[in-house]
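Novice: Shown below is the structure under consideration.
Derivation of every value follows stated rules applied to the coordinates shown; laboratory data play no part. Everything numeric here is computed off the predicted structure, so don't read it as measured data. Reconstructed Cβ throughout: ideal geometry from the backbone, glycine too, with neighbour counts over all protein chains shown.
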Amino acid sequence: MRRTIGSSGLTVAPIGLGGMPMSIHGRPSEADALRTIHAALDAGMDLIDTADVYCLDDNDIGHNERLIAKALRERADTTGVVVATKGGLERPAGDWTTNGRPDHLRRACDKSLAALGVTQIQLYQLHAPDDDVPFADSVGALAELRADGKIAHIGLSNVSVEEIEIARAIVPIVSVQNRCNPFDRTAWTDGVVQHCTTHGIAFLPYSPVGGGRGKAKVATDATLLGVGQRHGVSPFQVALAWLLAKSPVMLPIPGASKVASAVDSAAAMKLTLTEADLAELDRAFPT
Ligand SMILES: NC(=O)c1ccc[n+]([C@@H]2O[C@H](COP(=O)([O-])OP(=O)(O)OC[C@H]3O[C@@H](n4cnc5c(N)ncnc54)[C@H](OP(=O)(O)O)[C@@H]3O)[C@@H](O)[C@H]2O)c1
């Protein structure tokens, strides 16, 4: 039932919580966000995905990390909870821009350590390659952070198979996080899911139920609704269970800003789709 995060030795429940919607434009009150994080943990999620840039703009860096740290401080026992954060982007005036320069990554990591209130980050992911910085330089900076003990394990995000291999030649890579959901299947057509499966690298599909804009598509899709009706569950759970069934390295991280979303997504861990369900879903969403 539990899944490993690549070669890290860390095991987590198969569905994690994506923290982004709790800190970007349209975010809930802090009290509601804290309730959502607690509900997710109570429902069995124990991987939380965050980033320094889950915030409104550069004056608000670390908002989501501080929120998660606060929620975890409120709990009696956080044993086994894995918080994965990221560095390598900036939010000038609320925009999203890349900065994969080693000096930026070192500063960003120090800020994330402070925001999370930890001495070591369990999983630190390069948020995205920076076209203006050799990819190997960005990965090299993370390798140094790992050697310094500031981060335990390294992941990548928004990368190609070629970039995964460049990185793996420098340092062990335990996870890859790319966009992936029934309506965006690029992670199969570009070979990244297969590559991660072959090499035992955890694959964290982001926006697994379509993202802020695409979630309405999941909510109204006839196939997802039909399979969900047979099991008495939401189409969101069907999308998540379908992703889980696609590969043993899959670890979807659905976002939530509401308690109900987090609780519903967590329930997908218990949903077992039949061979007939999976065949129907694969026909609707060929990979
Ligand atoms: N690495 C990257 O570049 C990158 C990019 C985007 C996202 N991410 C990560 O991936 C996570 C997930 O992506 P996402 O938040 O963009 O999109 P998502 O997981 O597809 O979720 C989008 C929205 O769908 C709603 N939702 C989720 N599960 C639901 C359920 N079971 N029932 C009803 N509604 C549900 C939530 O709405 P409510 O807010 O109303 O609860 C959520 O905000 C992010 O939180 C972030 O941690 C990473």
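Novice: Scan region 183-259 for chymotrypsin sites (Phe, Trp or Tyr not before Pro) in coil per DSSP, keeping those whose Cβ has at most 16 other Cβ atoms within 10 Å, and list them by number. All intermediate terms of the calculation are to be shown ahead of the outcome.
Specialist: Working: sites: F183, W188, F203, Y206, F236, W242; in loops: F183.
Hits after loop and neighbour filter: F183.
Novice: Give me the net charge for the shell around C109: Cβ to Cβ below 13 angstrom, other residues only, Lys and Arg +1, Asp and Glu -1. It would help to have the intermediate numbers written out before the result.
Specialist: Details: positive: K86, R101, R106, R107, K111, R146, K150; negative: D52, E65, D103, D110, E144, D148.
So the environment of C109 carries a net charge of +1.
Novice: Might you report the magnitude of the Cβ-based charge dipole of region 1-85 about its Cα centre, with Lys and Arg at +1 and Asp and Glu at -1, to the nearest 20 debye? Don't skip to the answer; put the middle values down first.
Specialist: Working: 8 positive and 12 negative charges, 68 e Å.
The dipole magnitude comes to about 320 debye.
Novice: Of D277, D60, D190, which is the most mobile in a GNM of the chain whose springs link Cα atoms less than 10 angstrom apart?
Specialist: D190
Novice: If a paramagnetic tag sat 7 Å from the Cα of V161 along the Cα-Cβ line, which residues of region 180-198 would have the backbone N under 15 Å from that point?
Specialist: So the set is 186-198.
Novice: Only counting other Cβ atoms within 10 Å, I'd like H63, H199 sorted with the fewest neighbours first. Before the final figure, lay out the partial values.
Specialist: Details: H63 24, H199 15.
Listing H63, H199 from fewest to most nearby Cβ atoms yields H199, H63.
Novice: For n ≥ 4 DSSP H runs only, could you compute -39500 (n - 2.57) per run for the chain, divide by its residues and tell me the 222 nm figure to the nearest 500? Walk me through the intermediate numbers first.
Specialist: Values: 12 runs with 123 residues, N = 287.
Mean residue ellipticity at 222 nm (helix-derived): -12500 deg cm²/dmol.
Novice: Which of rounded, prolate or oblate describes region 1-127 when judged by the alpha-carbon gyration tensor and an a/c cut-off of 1.5?
Specialist: On the way: a/c = 1.86, a/b = 1.27, b/c = 1.47.
Here region 1-127 falls in the oblate category.
Novice: Relative to the present Cα-Cα distance, how much length would full extension add between R107 and R168 at 0.36 nm per residue of separation?
Specialist: Numbers: separation 61, 0.36 × 61 = 21.96 nm, distance 2.32 nm.
Fully extending the segment from R107 to R168 adds 19.6 nm.
Novice: Note down the relative contact order for region 154-284 as a percent, whole number, built from C-alpha pairs under 8 angstrom at least six residues apart.
Specialist: Details: 185 pairs, mean separation 26.9, N = 131.
Computed over region 154-284, the figure is 21 percent.
Novice: Taking a 32 Å limit on the Cα-Cα distance, which of the listed pairs K86/K215; K150/K217; K86/K217; K70/K246 fall beyond it? Write out the running numbers ahead of the final one.
Specialist: On the way: K86/K215 24 Å; K150/K217 40 Å; K86/K217 28 Å; K70/K246 34 Å.
Going by Cα-Cα distance, K150/K217; K70/K246 fall outside the 32 Å limit.
Novice: Just how far, in whole angstrom, is region 109-125 from region 207-278 if you go by their alpha carbon centroids?
Specialist: 30 Å
Novice: Might you report the magnitude of the Cβ-based charge dipole of the chain about its Cα centre, with Lys and Arg at +1 and Asp and Glu at -1, to the nearest 20 debye? Working shown, then result.
Specialist: Numbers: 27 positive and 33 negative charges, 150 e Å.
In debye, rounded to 20, the chain gives about 720.
Novice: Next question, about the same structure. Taking other Cβ within 10 Å of each residue's Cβ, how do T220, T36, T50 sort, fewest first?
Specialist: Working: T220 10, T36 26, T50 29.
Listed from fewest to most nearby Cβ atoms, that is T220, T36, T50.
Novice: Choose one answer from A239, A268, A136: the residue with the largest mean-square fluctuation in a GNM of the chain with alpha-carbon springs under 10 Å.
Specialist: Per the Cα network of the chain with a 10 Å cutoff, A136 tops the list.
Novice: Have a look at S29, L47, G62 and report the one farthest towards the positive end of the charge dipole of region 1-82, computed about the Cα centre with Cβ charges (Lys/Arg +1, Asp/Glu -1).
Specialist: L47
Novice: Rounded to the nearest 0.05, what FRET efficiency do L56 and A216 have when you use their Cβ-Cβ distance and R0 = 30 Å?
Specialist: On the way: r = 24 Å, r/R0 = 0.80.
The pair L56/A216 has a calculated efficiency of 0.80.
Novice: Name the residue, out of G16, G62, G200, whose mean-square fluctuation peaks in a Gaussian network model built on the chain with Cα pairs under 10 Å.
Specialist: Most flexible of the set in this elastic network: G200.
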